[in-house]
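The values are calculated or read from the model by the stated rules, or taken from the named source; none is laboratory data. This is a predicted model, so every value here is computed, not measured. For neighbour counting, all protein chains shown are included, and Cβ atoms are generated from backbone atoms with ideal geometry for every residue, glycine included.
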Amino acid sequence: MGLEKVSVAVGETPITFETGVLAKQANGAVVVRCGDNMVLVTAVGAHSAREGADFFPLTVDVEERMYAAGKIPGGFIKRESRPSERATLTARMTDRPVRPLWPKGFRNEVQVVATVLSVDQVNPFDILCINGASAALSISELPFMGPIGAVRIGLIGDEFVINPTFAELEESKLDLIVAGSAEAISMVEAGADQVHEDDILEALEIAHDEIKKLCAAQDELREKAGKPKWQVEGQAVDPDMLEKVKATVLDKLEEATREQGKLERRDKVQAVRDHALETLLDELHTPEQKGAVNRAFDRLQKDIIRRRIAVDKVRPDGRKADEIRPITTDVSVAPRVHGSGLFTRGETQVMTLLALGTMKDAQRIDGIGVETTKRYIHHYNFPPFSVGETGFMRGPKRRDIGHGALAERALVPVIPDEVTFPYALRLVSETLESNGSSSMASVCGSTLAMLDAGVPISAPVAGVAMGLIKEGDDHIILTDIQGDEDHLGDMDFKVAGTKDGITALQMDIKITGVTMEIMQEAMAQAREGRLFILGKMAETIAEPRAEMSEHAPRVTAIKIDPERIGTVIGKGGETIRSLEADYEVQISIEDDGTVSVYGVDGAKADAAVEAIRAMTKDVEVGDEYHQAKVVKTTTFGAFVELTKGVDGLLHISNLSNGRVEKVEDVVNRGDVVDVKVVEVDKARGRIGLRIIGMEDAGEGGSGNGSGGGDGEDGRPRRRRRRMSTEAE
């Protein structure tokens, strides 16, 4: 088979699918291009089911290669190691819409690998990975029931932009990624700057129109290069076994699933399951027979709970459809951290702790994207004890990274800029208990922590998880879903935002038939839930504290002329190191002239700021410098350090009202004096001084000049730096 190619116009830059040249031993391989972006996506599946698997073993990996951006990896080991956060998030976004589209009970191992070969730093490549995965699976022999398409929508002013560039995303109030089939949307991921629900719904409709084009292009590619699909027999529920399980445990399971406590319900359901296995299996049963009983039991449990919620309108814990579990909030729960918040909603509890640092503490990003640093960082941890289980704790899992990124995205729009609040911020959300919606609880806990720390966020943010259960023509939208409602439901819809609009959105739909009317209803119900939670949080703390914690660092930011940056740094960094040592501070300088001074002792930090202001301002006649240090004496006068790196000459004639025979009779090296500037000659680099308190008659120097000449003939010297600006 030779090269086969199809293109589709989506946004300003067409997307092209190619197959038949690269990676021909994979079951399916497609190169997706957009601009100079190039992503190779391969799909490979095992010919037989994984033995003993009770889940679909699908793995999606995104491999970023630094050469794609013309870069060499940083550090000592010059090769890529673990995936970047962006690669992990892209892999999760690719997995979510693909995973549901397989025959029920299909247990063959499948791996999808998206290798980023080229990036143009103009167009984002993440949606290419999603589209490429669908295309590779669609043309392969694997029984994938696609295709799906993915598109990004931006909002600049009042105009929606399809597949915006990185530059356009900088101006956009919305970054919305939507995936789905030609029939329905199945996955949404969004960050927004307090965008109204109606605008989100309009964007979803626009996105679905573009998704239909992408699906049509993949269908065309499949017609040209597709392989015959495997005929598979899924592990369906045995109807006879289902009837046996019903006859054995129906009443007991009905009663067990009515238990409102999560752990108690789990234990009671497990006891009923054990009873079914013991009754229906003999001692010589095979793994297949046990699997058949478990599948029938799971189906029965799912049917009971779904019917009870959708038809009888009774939730597992007895709540109404729009009712939120009891909420308690607290702040300042950890004494030494800079801010902390504890958010408990039902059986979900998250504590977020905040640490503030200097801009030097901002995260450096060594990746193929356009972002190089990040000053606001949000991490999420989900230890096994939070669900009453044991497990390995070997760093964050993909789910932890995804939930942390969702909470981070929710709060980014309200974080003050670095001029207003010149700190790096790291928030860590520790999940202490979980029964649904811990990611949204981490949003709430993080808001509390920042208010507690005195971070001047523009508005509090809260989050709520919504669910949907649809049985025939009956459906119910659930506010604040818990674990069983998520696991057995048809939609997981997380919404975070302020009272004015949405800041983050994540949605996974497991079924078709979710209409825009249902989504509109869910959006409206989520808004009511979000406002209720914001009200509960405000009862504990409604606005940022006026004073920061005594343990928090103090950071002051000032702006200087960028041409004076060399003055602050000094030769080889000598001046900035000296400032940091003298005032016990840390100093960071940005290219635009923003200087941030960080210190635990506020008085010393303020003194450092004044020193920087003094050394970067132009010296003018009439300026006074108190306690200035004599750094050198000569036969004609004394050189006095006005600021770090800038000296003036105190001529012998300006040392005293009377005649001075010898400079050392009045001042010596190391003395401190109060001086006034009496001459500034920028063209010749001269600064003349006199002792404060002398008669004005001496102003400007005596006949031999207060600052005339060079070196021995009286010209004042500037140590380490010329008066004009640049460091030597």
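Restricting attention to region 496-529, and to residues there that are in contact with a helix residue (DSSP H, G or I) (Cβ under 9 Å, 6 or more places away or on another chain) and basic (Lys, Arg), which single residue is nearest to GLU205 (Cα to Cα)?
This residue is ARG527.
Go through region 165-188 residue by residue and tally those that are part of a loop (DSSP other than H, G, I, E, B) and either buried (at least 24 other Cβ atoms within 10 Å of the Cβ) or of a type in the set (Ser, Thr, Tyr) (or both). If you could, list the steps in order and put the result at the bottom.
Just the residues of region 165-188 that are part of a loop (DSSP other than H, G, I, E, B), to begin with: 165, 172-173, 181-184.
The next check asks that each one be either buried (at least 24 other Cβ atoms within 10 Å of the Cβ) or of a type in the set (Ser, Thr, Tyr) (or both); those that pass are 165, 172, 181.
Selection size over region 165-188: 3.
If you scan region 344-376, which residues turn out to be among the hydrophobic types (A, V, I, L, M, F, W, C), within 24 Å of ILE587 (Cβ to Cβ) and either surrounded by fewer than 20 Cβ atoms within 10 Å (Cβ to Cβ) or modelled with pLDDT of 85 or more (or both)? Before the answer, list the steps.
First, pick out the residues of region 344-376 that are among the hydrophobic types (A, V, I, L, M, F, W, C): 350-351, 353-356, 359, 362, 365, 368, 370.
After this cut, where a residue has to be within 24 Å of ILE587 (Cβ to Cβ) as well, the list is 354-356, 359, 362, 365.
Residues satisfying the conditions are LEU354, ALA355, LEU356, ALA362, ILE365.
I need every pair where a residue in region 658-669 that is touching a residue at least 12 places away in the same chain (Cβ under 8 Å) has its Cβ under 7 Å from the Cβ of a residue that is hydrophobic (A, V, I, L, M, F, W, C) and not in a loop (DSSP other than H, G, I, E, B), sequence separation at least 6 or different chains.
Correct list of pairs: VAL663/ALA638; VAL663/ILE652; VAL667/VAL630; VAL667/ALA638; VAL667/VAL673; ASN668/VAL630; ARG669/VAL630; ARG669/VAL631.
Identify the single condition in (1) closer than 30 Å to THR372 by Cα; (2) surrounded by 14 or more Cβ atoms within 10 Å (Cβ to Cβ) that ALA614 does not satisfy, given that it satisfies every other one.
(1)
Listed residues THR575, THR594; which is more than 20 Å from LEU425 (Cβ to Cβ) and of a type in the set (Val, Ile, Thr)?
Working: THR594 fails: more than 20 Å from LEU425 (Cβ to Cβ).
Criteria check complete, one pass: THR575.
Only one of these conditions is not met by ARG659: (1) outside any strand (DSSP E or B); (2) modelled with pLDDT of 50 or more; (3) under 30 Å from ILE560 (Cβ atoms); (4) not aromatic (Phe, Trp, Tyr). Which number is it?
(3)
Please pick out the residue among SER429, SER437 that is under 30 Å from GLY489 (Cα atoms), touching a residue at least 24 places away in the same chain (Cβ under 8 Å) and within 16 Å of the chain's Cα centre (by Cα). First the steps, then the outcome.
On the way: SER437 fails: within 16 Å of the chain's Cα centre (by Cα).
Sole residue among the options that is under 30 Å from GLY489 (Cα atoms), touching a residue at least 24 places away in the same chain (Cβ under 8 Å) and within 16 Å of the chain's Cα centre (by Cα): SER429.
Can you give me the number of residues within region 7-32 that are closer than 27 Å to ALA207 by Cβ and surrounded by fewer than 21 Cβ atoms within 10 Å (Cβ to Cβ)?
8
Can you confirm whether GLY341 is under 18 Å from the mean Cα position of the chain (by Cα), touching a residue at least 24 places away in the same chain (Cβ under 8 Å) and either outside any loop (DSSP other than H, G, I, E, B) or crowded, with 17+ Cβ neighbours inside 10 Å (or both)?
Working: under 18 Å from the mean Cα position of the chain (by Cα): no; touching a residue at least 24 places away in the same chain (Cβ under 8 Å): yes; either outside any loop (DSSP other than H, G, I, E, B) or crowded, with 17+ Cβ neighbours inside 10 Å (or both): yes.
Taking the combined requirement at face value, the residue does not satisfy it.
Of the residues GLU141, GLU197, which single one is over 28 Å from ARG530 (Cβ atoms) and either touching a helix residue (DSSP H, G or I) at 6+ places or on another chain (Cβ under 7 Å) or at pLDDT 95 or above (or both)? Give the derivation first.
Values: GLU197 fails: over 28 Å from ARG530 (Cβ atoms).
The match here is GLU141.
Under the condition of being among the small types (Gly, Ala, Ser) and farther than 20 Å from LYS24 by Cα, which residue from region 210-228 is surrounded by the fewest Cβ atoms within 10 Å (Cβ to Cβ)?
Step one: filter region 210-228 for residues among the small types (Gly, Ala, Ser), giving 216-217, 225-226.
Okay, now just the ones that are also farther than 20 Å from LYS24 by Cα, so 216-217.
Numbers: ALA216: 15, ALA217: 23.
Of everything passing the filter in region 210-228, ALA216 is surrounded by the fewest Cβ atoms within 10 Å (Cβ to Cβ).
Give the residues of region 599-625 that are in contact with a strand residue (DSSP E or B) (Cβ under 8 Å, 6 or more places away or on another chain) and hydrophobic (A, V, I, L, M, F, W, C), sorted by residue number.
Passing the criteria: VAL600, ALA605, ALA608, VAL609, ALA611, ILE612, ALA614, MET615, VAL619, VAL621.
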